[in-house]
Amino acid sequence: MSGAVFVLAVAVAVLAVLAGYVLLATYNDVIGLGQRIDKAWANIDVALKQRYDELPNLVDAVRGLMGFEQAVLERVTRARAAYAREAPIPTQAATSEATTTALRSLFATVEAYPDITAHENVLQLQGEVQRLEGIIADRRELYNDMVYRYNTRIRTLPTLLLAPIFGWQPRPFFKAAEAETGRPDVRLTPG
């Protein structure tokens with residue numbers, strides 16, 4: 001009988017080691033994914049801050065050249081004013097998309113005025129803001145990919161069983177609000 005007890009003890013020990021390994025590997029994987037999400041968001045935040053800093057320069061450069069298009073400039077200014085680094089990610093995403101929509105409207109309006117597009121300063125600022133828009137889009141894609149991986153991981157076995165124990169909750173995607181997914185309204189009405 002002692003041989004059977006020994007075999008059973010070894011089998012239980014092996015199962016305990018395997019369970020511990022699965023638990024540790026799962027825990028480390030989820031923590032790593034969470035860290036990648038935080039890093040991806042920090043990279044978005046840097047680009048949002050850079051865009052935030054560039055917008056007043058662009059608005060100032062264009063303001064004097066666009067006498068009757070003040071509504072377009074006001075939308076960009078309002079969108080910039082709504083930016084808050086401490087806001088939850090969905091709020092920041094909505095603000096970012098509103099800013100992008102306002103900028104598209106501004107860029108479309110600027111293109112309608114050859115005298116504005118002839119100013120080197122405006123072209124440089126517009127190019128810089130467009131570059132930052134591209135960076136934000138790329139970083140948003142990476143962030144959303146990390147969120148997808150994390151959310152999928154915590155909703156599959158065996159992690160699904162561990163998620164409540166460790167308090168792992170789904171993370172929000174960085175997505176456009178439905179109102180901002182359409183085409184910008186650009187109406188040129190001389191005053």
Segment 63-83: number of residues that are touching a Phe, Trp or Tyr at 6+ places or on another chain (Cβ under 9 Å) and farther than 21 Å from Glu141 by Cβ: 4
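Of the residues Tyr21, Tyr27, Tyr83, Tyr52, which single one is in a loop (DSSP other than H, G, I, E, B), within 30 Å of Arg171 (Cα to Cα) and among the aromatic types (Phe, Trp, Tyr)? Walk me through it before giving the result.
Values: Tyr21 fails: in a loop (DSSP other than H, G, I, E, B); Tyr27 fails: in a loop (DSSP other than H, G, I, E, B); Tyr52 fails: in a loop (DSSP other than H, G, I, E, B).
From the options Tyr21, Tyr27, Tyr83, Tyr52, the qualifying one is Tyr83.
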Expected output for segment 127-156 (first residue touching a residue at least 24 places away in the same chain (Cβ under 8 Å), partner among the acidic types (Asp, Glu) and part of a helix (DSSP H, G or I), Cβ below 6 Å, 6+ apart or cross-chain) is Glu128/Glu54; Val129/Glu54
Test Val110 against the stated conditions and say whether it is at pLDDT 90 or above, in contact with a helix residue (DSSP H, G or I) (Cβ under 7 Å, 6 or more places away or on another chain) and not basic (Lys, Arg). no
If you take the residues of segment 64-98 that are of a type in the set (D, E, K, R) and surrounded by 14 or more Cβ atoms within 10 Å (Cβ to Cβ), which of them is farthest from Val129 (Cα to Cα)? Glu69
Can you tell me which residue is farthest from the chain's Cα centre (by Cα) among those in segment 99-112 that are surrounded by fewer than 16 Cβ atoms within 10 Å (Cβ to Cβ) and of a type outside the set (D, E, K, R)? Ala112
What residue, among those in segment 1-28 that are exposed (fewer than 11 other Cβ atoms within 10 Å of the Cβ) and of a type in the set (Ser, Thr, Tyr), is nearest to Thr156 (Cα to Cα)? Tyr21
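Which residues, taken from segment 122-171, are assigned to a loop (DSSP other than H, G, I, E, B) and exposed (fewer than 15 other Cβ atoms within 10 Å of the Cβ)?
Step one: filter segment 122-171 for residues assigned to a loop (DSSP other than H, G, I, E, B), giving 155-158, 167-171.
Residues satisfying the conditions are Arg155, Thr156, Leu157, Pro158, Gly167, Gln169, Pro170.
Where residues in segment 29-58 are small (Gly, Ala, Ser) and more than 16 Å from Val129 (Cα to Cα), which of them is surrounded by the most Cβ atoms within 10 Å (Cβ to Cβ)? Lay out the reasoning, then the answer.
Narrowing segment 29-58 to residues small (Gly, Ala, Ser): 32, 34, 40, 42, 47.
Cutting the leftovers down to more than 16 Å from Val129 (Cα to Cα) gives us 32, 34, 40, 42.
Numbers: Gly32: 12, Gly34: 16, Ala40: 20, Ala42: 11.
Ranking the qualifying residues of segment 29-58, first place goes to Ala40.
Can you confirm whether Arg104 is modelled with pLDDT of 85 or more and in contact with a Pro (Cβ under 6 Å, 6 or more places away or on another chain)?
Details: modelled with pLDDT of 85 or more: yes; in contact with a Pro (Cβ under 6 Å, 6 or more places away or on another chain): yes.
For Arg104, the condition - modelled with pLDDT of 85 or more and in contact with a Pro (Cβ under 6 Å, 6 or more places away or on another chain) - is met.
Every residue, every condition in (1) aromatic (Phe, Trp, Tyr); (2) out of contact with any helix residue (DSSP H, G or I) (no Cβ under 9 Å at 6 or more places or on another chain); (3) at pLDDT 90 or above, yes or no:
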| position | (1), (2), (3) |
| --- | --- |
| Ala25 | no, yes, yes |
| Arg36 | no, no, yes |
| Ile44 | no, no, yes |
| Gly64 | no, yes, no |
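The values are calculated or read from the model by the stated rules, or taken from the named source; none is laboratory data. On a predicted model such as this, the values are computed, not experimentally measured, just so you know. With ideal geometry, Cβ positions are generated from the backbone for all residues, glycine too; neighbour counts draw on all protein chains shown.
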